[in-house]
1. Pairs needed: first member in the range 126-150, touching a residue at least 40 places away in the same chain (Cβ under 8 Å); second member anywhere, open to solvent by 70 Å² or more (accessible area, probe 1.4 Å) and of a type in the set (A, V, I, L, M, F, W, C); C-beta distance under 6 Å; at least 6 residues apart or different chains.
2. Take the residues of the range 177-235 that are part of a loop (DSSP other than H, G, I, E, B) and touching a residue at least 24 places away in the same chain (Cβ under 8 Å): which is most open to solvent (accessible area, probe 1.4 Å)?
3. Going through the range 27-36 one residue at a time, which ones are open to solvent by 10 Å² or more (accessible area, probe 1.4 Å) and either without any contact (Cβ under 8 Å) to a residue 24 or more places away in the chain or touching a helix residue (DSSP H, G or I) at 6+ places or on another chain (Cβ under 6 Å) (or both)?
4. Could you check how many residues of the range 147-163 are part of a helix (DSSP H, G or I) and either surrounded by 15 or more Cβ atoms within 10 Å (Cβ to Cβ) or modelled with pLDDT under 85 (or both)?
5. Within the range 65-119, track down each residue that is surrounded by fewer than 17 Cβ atoms within 10 Å (Cβ to Cβ), at pLDDT below 70 and not aliphatic (A, V, I, L, M).
6. Residues to consider are A24, A16, A54; find the one that is under 19 Å from A99 (Cβ atoms), aliphatic (A, V, I, L, M) and either at pLDDT 80 or above or open to solvent by 40 Å² or more (accessible area, probe 1.4 Å) (or both).
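The values are calculated or read from the model by the stated rules, or taken from the named source; none is laboratory data. The model shown is predicted, which means the values in this text are computed figures rather than measured ones. Here the Cβ positions follow ideal geometry from the backbone for every residue, glycine too, while neighbour counts run over all protein chains shown. Ligands, DNA and RNA are stripped out before the accessible areas are found, and what is left, the full protein with its side chains, is counted by its heavy atoms. Shrake-Rupley method; radii C 1.70, N 1.55, O 1.52, S 1.80 Å.
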Amino acid sequence: MFDILQYSFIQNAFIASFFVSIGAAIIGYFMLVRGLTFAGHAFSHVGFAGAAGAVWLGVNPIYGLLAFTIAAAIGIGSLGKELRERDITIGIMFTLALAFGVLFLFLYRGYAEEAYSILFGTILGISSLTVLITAFFSLMTIGLVLLVFRPLLFSSFDPEVAEARGVPTQKLAIAFLILVAITVSVSVQVVGVLLIFTLLVGPAATAIRLIKGPYQTIGLATVLGLLYSWISIFLAAETNLPVSFYIATLSFGVYLPVRLLVKKNI
């Protein structure tokens with residue numbers, strides 16, 4: 001079973017999933033406590049439009065993912081200050097992005113494999129350059145979250161008091177949405193647009209119900225994300241089924257009994 005580790009594409013998959021899983025666990029935790037799961041879902045579809053546009057132009061899809069999701073993050077953060085306004089803004093951008101995605105796919109005259117990889121992920125086929133790009137943006141995201149960890153945590157649980165004490169909650173919200181956008185962009189390569197919630201929400205949602213404290217919760221979510229990804233890579237290599245299928249199945253299979261049996265800790 002471990003013989004597959006000798007292949008470079010398997011090594012690339014493990015390295016990429018390592019960085020993506022850690023970043024997704026940290027961002028996923030804050031998405032849950034800040035009530036931004038819908039935004040994360042919308043970013044995946046916005047990213048689909050960007051990736052489809054990049055494929056149409058003949059460039060690396062990750063550049064299109066980053067460009068579209070970061071632009072959407074700034075727009076959502078600037079226009080949707082209140083919860084109701086934010087959801088409306090997200091919904092409008094969501095549908096507009098899907099329209100552009102359909103347009104770019106219609107204009108694209110290459111192999112359908114490119115579009116398929118955007119939807120379902122291609123972690124077993126990513127290049128060494130893409131691994132480096134993934135590692136860079138994942139480490140950057142992790143570093144920035146650690147830099148603003150305390151004010152971000154404060155504003156997540158009590159935004160009114162945080163703002164009264166001088167925390168720039170609006171700017172922090174926009175900055176966090178940009179970090180979500182970056183995380184979604186690099187995670188799409190692992191599980192694809194359709195299953196992005198698997199890594200962003202699944203591990204964090206399970207960890208929140210099993211353990212108290214933000215540091216411990218993020219730590220457990222990271223471990224779960226890594227286990228889901230690495231076990232899935234091994235299974236996919238042995239069975240020739242998609243990695244994203246196994247990640248989603250493992251995530252759901254662990255979350256469901258925890259959700260039914262364990263009370264939420266926050």
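1. V131/I15
2. The extreme case among them is K212.
3. Those that are open to solvent by 10 Å² or more (accessible area, probe 1.4 Å) and either without any contact (Cβ under 8 Å) to a residue 24 or more places away in the chain or touching a helix residue (DSSP H, G or I) at 6+ places or on another chain (Cβ under 6 Å) (or both): L32, V33, R34.
4. 11
5. Selection gives K81, E82, R84, E85, G110, Y111, E113, Y116.
6. Exactly one residue qualifies, and that residue is A54.
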